[in-house]
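K.L.:
Attaching a single structure in structure tokens format; questions to follow.
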Amino acid sequence: MSRAALATARDTLSRKVLRMSPDPRPLRSRSARWLSAGVVLVSIASLLPASAKVVEKAALDPSGEAAAVATARATGKPVLITSKTTETTEYRALPSGLIEATVAGGPVRMRGANDSWVAVDVSLVRQADGSVISKAHPYGLKLSGPAGSGDHNLVELGAPGRRSTLGWSGRLPAPEIDGTTATYREVKPGVDLVVEATRTGYEQHLVVKNRQAAVQLKQFRMPWKVDGPATSPASVMWDSTVDRASGEHLRRAPVKLALGKDALVLTPDASFLTDPKTVYPVTIDPSQSSGANFDAFVQSSYSTDQSAATELKIGTYDSGANKARSYLRFDNQDWLWDKQIQAATLSLWEHYSYSCTARGWVAYRVADVTNTARWTNRPAQYEQVGTSTQTKGWSSSCGGGWVTMPVTAAFQYTAAHRLSRTNIGISAASETDNYGWKRFNSREGANPPSVTITYQTKTSVDAQATAPDTACVTGADRPAMSTLNPQLRAQISDTQGAQVYAVFEWKVVGGVTSNTATEGPGASGSWLGTTIPDDAFTEGSSYAWRVQGTDGTTPGEWSNWCEFTVITM
């Protein structure tokens, strides 16, 4: 079919549609409006330019958001949007038309051998060659089997090109496996080597059983290799003195850690090891974590990075002498930009509290959180974004479990200001009240923190077209428009099924001033159009146009500009 014949067919079809409308004004009237309905949509789609049809097909992707929303509405049940699933995030379409995203602080799924998603399972299993791996570790954790003298790769972590290796110098026995923990007994007289798999990496402990064994560890070397920039794991040590009320190891000391040539050199605090008050066994703990998102606690009695710890802490257990706060960072938040955030709820697994008595804790939006955070270098604190009094983890009366807090304002800020990260700080409402002491699983733990965000995608422009038909391009390749009164058209959708409007804007290419026309309302998914009025365009001039969808209250994003040059002769 020729371009002229196609344009004639389209104009004829448009007039038929207009006769179905309660307001059947001529196509070339000053504010012509048309809405497609029923089977007519199929006919119109067949006449749309290729670019518009591509957008329409994308909206019908059975694994995509539009199809999931339609299914959720039809069935009255949430529907997983499979095409958007990631290692940390899962999206569901709700029957209301809203989208619900659950973002975990650490990886909870990974790609399996056949590229399907499988749940992360860091439980350890022994291989035929004696080495040990996690059943499903997102960063390919691998531990050594038995080995003789010399240097060995003890722990390997990460993908090719970003892989780190922590080694051991000396004999390694076959490790004893217990769930996520591998124990190498008596790697030195009176010293056990323990490696615990976490979902973001590992924790490696040296358990020094007595003072005689400590003499061997005035300084020791562990081979260390990393692809790319080297970031050494944090290291600290503690003895076996535990406070019953707080669950804290009360006696702790730093371990000096230096990067040598392809090695970590650890120097434990000699005065701590020889102090008569030190209760053995003593644990020395270098650990490492990887991946997107981040969390850590800071504590007034700690001076080291705690971003690889398996827990988060808030409050005090000794009337304010020691205080802790925790910080969480949710990365890769670009998908939230310009969304309408209806609700956001932070969920934390609380495994320890001072008692079952409910005590308040609060959340704030904070400055960017990194592994430089310390009690003396806390991220700047902005507005409060949530409160809660939920308390668990003391006894059978309030066993460990999930506690929640609304943090909607933090994610609203991210969406409105187009930030790539959301940073949240949590603390006890009172940092002198012992009953506010709480300890949670971190992203390294069995139950990582998560946030559930319910949002609405703003009214969207699914496709653009003109009558007569032109391609949507800009610049020197702009097409010719064969009439002074073209019709501008757009398909507008709203995820909640609200009635939609289209705001059309046009101007001379390169011009500053523009004209607009608002058409609607129409049902979500409708095609809406406006006809350029008489005397608005002139022969030989070039014009640009775009369109914005709205539900009448909140406008969506503008479409791309499309250009054409009016040539009717």
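K.L.:
Where in the stretch 306-322 is the amide nitrogen less than 17 Å from a point lying 7 Å along the Cα-to-Cβ axis of Thr432?
P.N.:
In the stretch 306-322, the label zone of Thr432 (backbone N under 17 Å from the point 7 Å along Cα→Cβ) covers 315-322.
K.L.:
With N residues in the stretch 404-554, what two-decimal value do you get for its Cα radius of gyration over 2.2 N^0.38 Å?
P.N.:
1.65
K.L.:
So how far apart, in nm, are the two label points at Ser169 and Asp262 if each is 7 Å from Cα heading toward Cβ?
P.N.:
That separation, rounded to one decimal, is 1.3 nm.
K.L.:
Straight distance only, please: which lysines reach the Cα of Lys339 with their own Cα at less than 30 Å, same-chain residues fewer than 8 apart left out?
P.N.:
Straight-line reach from Lys339, under 30 Å: Lys53, Lys57, Lys77, Lys84, Lys458, Lys507.
K.L.:
Distance between Cα centroids, the stretch 71-97 to the stretch 250-287: provide it in whole Å.
P.N.:
Distance between centres, Cα-based: 49 Å.
K.L.:
If you take the C-alpha gyration tensor of the chain, multiply each eigenvalue by 5 and take the square root, what semi-axes do you get, largest first, in whole Å?
P.N.:
62, 26, 20
K.L.:
Can you pull the one-decimal nm distance between simple spin-label points at Arg221 and Tyr413, each 7 Å off the Cα toward Cβ?
P.N.:
Reported label-point gap for Arg221 and Tyr413 is 4.8 nm.
K.L.:
Let me ask something else. Report relative contact order for the chain in percent, whole number only (criteria: Cα-Cα under 8 Å, sequence separation at least 6).
P.N.:
Reported relative contact order: 13 percent.
K.L.:
Restricted to Cα positions, what overall size does the stretch 510-568 have along the principal axes? Three whole-Å values, descending.
P.N.:
36, 21, 17
K.L.:
Turning to a different aspect of this structure: All other residues with a Cβ under 9 Å from the Cβ of Tyr327 taken together, and with Lys, Arg as +1 and Asp, Glu as -1, what is their net charge?
P.N.:
My count for the surroundings of Tyr327 gives +2.
K.L.:
So how much slack lies between Ser514 and Ala113, counting 0.36 nm per residue of separation and subtracting their Cα-Cα distance, in nm?
P.N.:
138.8 nm
K.L.:
With only alpha-carbon atoms in the gyration tensor, what are the semi-axes of the equivalent ellipsoid for the stretch 53-187, in Å, largest first?
P.N.:
Whole-Å semi-axes of the equivalent ellipsoid: 45, 15, 11.
K.L.:
Enter the angle in degrees (range 0 to 90, nearest 10) between the Cα long axis of helix 65-75 and the first principal axis of the Cα atoms of the chain, meaning the one along which they spread out most.
P.N.:
That works out to roughly 90 degrees.
K.L.:
Taking neighbour counts of Cβ atoms within 10 Å as a proxy for exposure, in what order, fewest first, do Arg199, Arg374 appear?
P.N.:
Taking fewest neighbouring Cβ atoms as first place, the list is Arg374, Arg199.
K.L.:
Is the stretch 117-291 best put as rounded, prolate or oblate by its Cα gyration tensor, with a ≥ b ≥ c the root eigenvalues, rounded for a/c under 1.5, and otherwise prolate when a/b is larger than b/c, oblate when not?
P.N.:
prolate
K.L.:
Still on this structure, please answer the following. If one takes the longest principal axis of the Cα atoms in the chain, at what angle in degrees, from 0 to 90 and to the nearest 10, does the Cα axis of helix 408-417 lie?
P.N.:
60 degrees
K.L.:
Still on this structure, I have one more. For the chain, which cysteines have no second Cys with its Cβ under 4.7 Å from theirs?
P.N.:
Among the cysteines of the chain, none has its Cβ 4.7 Å or more from every other.
K.L.:
Taking a cut-off of 24 Å, what percent of all Cα-Cα pairs in the stretch 443-532 are separated by more than that?
P.N.:
So the portion of pairs separated by more than 24 Å is 39 percent.
K.L.:
Near Lys261, which lysines are there with a Cα under 22 Å away, not counting those fewer than 8 places off in the same chain?
P.N.:
Lys218, Lys225
K.L.:
Report the Stokes-Einstein translational diffusion coefficient (µm² s⁻¹, integer) for the stretch 270-344, Rh taken as the Kirkwood radius over Cα pairs, at 4 °C with viscosity 1.567 mPa s.
P.N.:
Rounded to a whole number, D works out at 81 µm²/s.
K.L.:
Next up: Dipole of the chain, Cα-centred, from +1 at each Lys and Arg C-beta and -1 at each Asp and Glu C-beta, to the nearest 20 debye?
P.N.:
Once rounded to the nearest 20, the dipole reads 160 debye.
K.L.:
Please list, in order, the residues from the stretch 424-459 whose amide nitrogen is less than 16 Å from a point placed 7 Å along the Cα→Cβ vector of Lys135.
P.N.:
Those under the cut-off are 446-447.
K.L.:
Next question, about the same structure. Pop the C-beta distance of Thr376 and Thr82 into the FRET formula with R0 = 60 Å and round what comes out to the nearest 0.05.
P.N.:
It comes to 0.85.
Read-outs: derived from the displayed coordinates by stated rules, not from any lab. Since this is a predicted model, take the numbers as computed values, not measurements. Cβ: placed from backbone, ideal geometry, glycine included. Neighbour counts: every protein chain shown.
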